[in-house]
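Chemist: Can you read through this structure? Questions will come right after.
The values are calculated or read from the model by the stated rules, or taken from the named source; none is laboratory data. All values derive from a computational prediction rather than experimental measurement. As a convention, Cβ positions derive from the backbone with ideal geometry for all residues, glycine included, and neighbour counts pool all protein chains shown. These area figures cover heavy atoms from the full protein model, side chains too; ligands, DNA and RNA do not enter into them. Shrake-Rupley method; radii C 1.70, N 1.55, O 1.52, S 1.80 Å.
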Amino acid sequence: MDLCIRAIETLLTMDDTSGAGRLGVRRGVAVAVRDGRVAWIGPDAEAPAADNEIDASGCLVLPGLVDCHTHAVWAGSRAGEFEQRLAGADYTAILEAGGGILSTVRATRSASDQRLRTLAVERLRAMAARGTTTVEVKSGYGLDPETEVRILRVAREAAAEVGLTVRTTFLGAHAVPAEWRPDRAGYVAHVLADQLPLAAAHADFVDVYVDRGAFTVEEGETILRAGAAAGLDLRIHAEQVAHTGAAAMAARLGALSCDHLEQLDAEGIEAMARHGTIAVLLPGAMLYLKDPPPPVAALREAGVPLAVATDLNPGSSPVGDLWTCATLACVTMGLTVEEALLGVTAVAADALALPQHGRLREGGPADLVVVRPPPGEQAHAAALVQFLGGAQPVATIARGVQIA
Ligand code: NIG
Ligand code: FE
């Protein structure tokens, strides 16, 4: 074996086929890794010999975390906007006045590839240090063909440099850029004709920000349909600031996930349940924009799977730590500990169409994190989520290699 994680006090496989509850709890086990895959899971006393060993006594081991919604490639700073919003300025009003997302677009367009990549690598390294091994990254701070493609390319290069699995999402319809302001319809036509054909080669998914101050449901539907025709799977920013009906529309089109959902109504919940759409909850954005919680109880009752992601970006959610988001999802949205931990692992992987990720089983990818509970706490799942930022990752392994 290449590597063996020994003396694991508590293993959470997140594998509901293992017969050990939804979290797949096992105690006193070891995990052996060969050629980037989990080769063996069993009692520590029977652990096979390995070239390298990690001692996980007192620790929990779980699958590497999956962050299924980020905007991790950008340049520039929105610290001034943060202060404006603390003083009462409105997020959408700032965007409509040409700031917000559009100020990040200006800074990102003028940054070199090298600068964008350096910034992205730093952000992804910080995420890896907290236990993330798979990340989704959206474009949407270019809003022109060249910069949209640059962002997607940089996302893949930066993730490869850090050792993360990455899925990229084309979000040319994130905002109407300044030069197209007088001609929204013209910008949508430009996304379809000039951005999507180039971006599709660098992306796995297409996404649209449908909201007040952004795009309409009709515009969103046109772009998602074109993305699907270009071979991309669908996801959407829906029902964040205002209720629009975007979630129901995207669910009917077969979107993998609808994200945000603070303003989701019963029709949207019903459509998501019927079409098997995953709800991606983004408690960082909810906290910073002071939004109400999404209808978690109704989503749960309808059987809609719940994922949790950071939405890492410099405006609505300057948060890259999935542990913090798991805690916020419990405290501010009402998720259970089980739901939050599945939401940052197995369900998040499903939201990226990566069914082998986010769970630990023999033959699956050797992506895992060794975590020490907060001081004085037992190696129990709840202790990882109870303390805000309190989980202490001591090793992050991606495809069998220690990356943090
Ligand atoms: O997911 N809602 C739109 N897009 C991002 C925010 C991006 C930004 O503010 O720069 C989001 O919250
Ligand atoms: Fe987002």
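Chemist: Out of GLY163, GLY131, GLY140, GLY172, report the one residue that is open to solvent by less than 30 Å² (accessible area, probe 1.4 Å) and either out of contact with any strand residue (DSSP E or B) (no Cβ under 8 Å at 6 or more places or on another chain) or among the polar types (S, T, N, Q) (or both).
Modeler: After applying the criteria, what remains is GLY172.
Chemist: Additional query: On the basis of being hydrophobic (A, V, I, L, M, F, W, C), over 17 Å from ARG106 (Cα atoms) and open to solvent by less than 10 Å² (accessible area, probe 1.4 Å), does VAL188 make the cut?
Modeler: Judged against the criteria, VAL188 is not a match.
Chemist: Give GLU53, GLU83 a once-over and let me know the one that is away from ligand 1 (no atom under 13 Å from the Cβ), assigned to a helix (DSSP H, G or I) and more than 25 Å from the chain's Cα centre (by Cα).
Modeler: GLU83
Chemist: Return the residues of the range 311-342 that are away from ligand 2 (no atom under 16 Å from the Cβ) and closer than 18 Å to LEU12 by Cβ; say none if nothing qualifies.
Modeler: TRP323, ALA326, THR327, CYS330, LEU335, THR336, VAL337, GLU338, GLU339, ALA340, LEU341, LEU342
Chemist: Only one of these is surrounded by fewer than 22 Cβ atoms within 10 Å (Cβ to Cβ), modelled with pLDDT under 95 and of a type outside the set (A, V, I, L, M, F, W, C): GLY400, GLY364, GLY376, GLY389. Name it.
Modeler: Step by step, each of GLY400, GLY364, GLY376, GLY389 is checked, and only GLY389 is surrounded by fewer than 22 Cβ atoms within 10 Å (Cβ to Cβ), modelled with pLDDT under 95 and of a type outside the set (A, V, I, L, M, F, W, C).
Chemist: What do you reckon, is GLY88 in contact with a Pro (Cβ under 7 Å, 6 or more places away or on another chain), assigned by TED's automatic domain parsing to the domain that holds SER316 and more than 13 Å from ligand 1 (Cβ to nearest atom)?
Modeler: no
Chemist: Here is a list: VAL308, VAL347. Which entry is assigned by TED's automatic domain parsing to the domain that holds ARG85, without any contact (Cβ under 8 Å) to a residue 60 or more places away in the chain and of a type outside the set (D, E, K, R)?
Modeler: Exactly one of VAL308, VAL347 is assigned by TED's automatic domain parsing to the domain that holds ARG85, without any contact (Cβ under 8 Å) to a residue 60 or more places away in the chain and of a type outside the set (D, E, K, R), namely VAL308.
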